[in-house]
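What follows is a set of notes on a single structure, which appears directly below.
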Amino acid sequence: MNDKAPAARPTIRDVARQAEVSIGTVSAVINNSGRPVAARTRERVLQAIAELGFEPNNAARSLKSQRISSIGLVAPDLGNAFFADIAEGIQLVLGQSDFLLVLCLTWSDTAREEYYAQVLRTQRLDGVIYLSGTGQPSPSLQALARRGAVVFVDECLPGIPAPFVSAQNRQGAAELARHVLACGHRRLLFISGPRGMWTSEERLSGYHDACRAQGLEPEKMPLLAGDYTEQSGMRLAARILAQPRAEWPTAILCANDLMAIGVIRHCQQQGVAVPGDLSVTGFDDIPAAALVSPPLTTVRQSGHQMGSAAAELLLHRLGCLPEPPAQTDFPATLKLRHSVGKI
């Protein structure tokens, strides 16, 4: 097995840098435009193209038509570090291919998602990477997907046939729940994400899989739905701690890190020890998960890799990359820290 990462695809900027000319000059040579280019300069550009193995792509052609190649990214927000990692991964790939990234934040609002899908459908964008915050398809998104230039990342939507880059959410959640059960916990409470969203349902299914394997009935365990924000974790923790202490769960399994951090912070405000009185888990392994006290036991998925793969997949579908990404379904791995105690 060859673990060596493939070399980055040379861009028109690389050619311009090596030939010591402007990008416009490289474009003029590639496209045989009417712009005059001195013979020695043309020779230098062609030599740089040969040495770098540069292949003109859609971005180079766009210079000829005086239109910047651009990709839209629809995302809920960048306050969630996992979403920010996805955006960084996308930008890394698009930057190497001379594409402009157009960012549209929806704040997980259905009307905003519909609005941006409608706007992007009418604009001259080359494609769209879609990270849904609601899990709800819209007529404009369906029309956008029919153009064949849409890739979903992290969330897929029912009824819309578009390629999808994801992590193994169900497997990761099951592994996490097995660890909690191995620590002796049987009174579990699940805090899911918004019901109906793919990630939320996959993680909940993973928790249930692990419980059933131990002969437990997860459907009878309490379930609360959050919205993937820290504030919802604090709000739901307040509801849990308002019950008589004898009715508390011994462990709360949260569908993402932000909600788990919210639970921990509310427990700290109420003098409830984590994990002494209550164990808590998350999902995503955002940077704050290792910094909260106690450090959070969670599941790691690489937003950066997922974003890069989504961008590569879209560029391949646009004919700008010769091969699709090697991987579009990424592992989710258990990160053991100190927020889960043994019974």
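The values are calculated or read from the model by the stated rules, or taken from the named source; none is laboratory data. None of these values were measured; they are calculated from a predicted model. Cβ placement follows ideal geometry from the backbone for every residue including glycine, while neighbour counts extend to all protein chains displayed. Accessible surface areas use protein heavy atoms only, side chains included; no ligands, DNA or RNA. Shrake-Rupley method; radii C 1.70, N 1.55, O 1.52, S 1.80 Å.
Looking at Val274, Val263, which is the one that is touching a Cys at 6+ places or on another chain (Cβ under 8 Å) and open to solvent by 20 Å² or more (accessible area, probe 1.4 Å)? After applying the criteria, what remains is Val274. Return yes when Arg245 is open to solvent by 50 Å² or more (accessible area, probe 1.4 Å), among the charged types (D, E, K, R) and either within 32 Å of the chain's Cα centre (by Cα) or closer than 24 Å to Asn169 by Cβ (or both) and no when it is not. Here the answer is no, as Arg245 does not meet what is asked. With respect to Gly215, determine if the residue is within 23 Å of Ala174 (Cα to Cα) and at pLDDT 95 or above. Answer is yes for this residue.
Check whether at least one residue in the range 225-234 is under 18 Å from Leu176 (Cα atoms) and either modelled with pLDDT under 95 or touching a strand residue (DSSP E or B) at 6+ places or on another chain (Cβ under 8 Å) (or both), and report yes or no. No, there is no match, as no residue in the range 225-234 is under 18 Å from Leu176 (Cα atoms) and either modelled with pLDDT under 95 or touching a strand residue (DSSP E or B) at 6+ places or on another chain (Cβ under 8 Å) (or both).
Just so you know, in the range 282-321 the residues that are without any contact (Cβ under 8 Å) to a residue 60 or more places away in the chain and part of a loop (DSSP other than H, G, I, E, B) include one that is most open to solvent (accessible area, probe 1.4 Å), and it is Ser293.
Within the range 192-205, residues that are under 18 Å from Val153 (Cα atoms) sit with their Cβ atoms under 9 Å from residues that are aromatic (Phe, Trp, Tyr) and open to solvent by 10 Å² or more (accessible area, probe 1.4 Å), at 6+ positions apart or across chains, in these pairs: Gly193/Tyr228; Pro194/Tyr228; Met197/Tyr228; Trp198/Phe164; Thr199/Tyr228; Ser200/Tyr228.
Keeping to the range 184-195, report how many residues are open to solvent by 10 Å² or more (accessible area, probe 1.4 Å) and either closer than 24 Å to Asp277 by Cβ or within 18 Å of the chain's Cα centre (by Cα) (or both).
4
Here the range 57-89 is the region considered, the condition is being polar (S, T, N, Q) and touching a helix residue (DSSP H, G or I) at 6+ places or on another chain (Cβ under 7 Å), and the residue that is modelled with the lowest pLDDT is Ser69.
Residues checked against (1) open to solvent by 10 Å² or more (accessible area, probe 1.4 Å); (2) more than 22 Å from Leu315 (Cα to Cα):
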| position | (1), (2) |
| --- | --- |
| Gln91 | yes, no |
| Leu101 | yes, no |
| Asp109 | yes, yes |
| Tyr116 | yes, no |
| Val119 | yes, no |
| Tyr130 | no, no |
| Gly135 | no, yes |
| Leu144 | no, no |
| Arg147 | yes, no |
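Filtering Phe54, Phe99 for residues that are of a type in the set (Phe, Trp, Tyr) and at pLDDT below 80 leaves a single hit, Phe54.
Considering only residues in the range 196-206 that are open to solvent by less than 30 Å² (accessible area, probe 1.4 Å) and not charged (D, E, K, R), the one that is nearest to the chain's Cα centre (by Cα) turns out to be Thr199.
If only residues of the range 1-50 that are at pLDDT 80 or above and of a type in the set (Gly, Ala, Ser) are counted, the one that is most open to solvent (accessible area, probe 1.4 Å) is Ala39. Against the numbered list (1) touching a Phe, Trp or Tyr at 6+ places or on another chain (Cβ under 9 Å); (2) under 30 Å from Gly95 (Cα atoms); (3) of a type in the set (Asp, Glu); (4) open to solvent by 10 Å² or more (accessible area, probe 1.4 Å), Asp257 comes up short only at (4).
Filter the range 310-343 for residues that are β-branched (Val, Ile, Thr) and over 22 Å from the mean Cα position of the chain (by Cα); which is farthest from Thr281 (Cα to Cα)? It comes out as Ile343. Considering Leu296, Leu278, the condition of being in contact with an Asp or Glu (Cβ under 9 Å, 6 or more places away or on another chain) and more than 30 Å from Gly53 (Cβ to Cβ) is satisfied by Leu296 alone.
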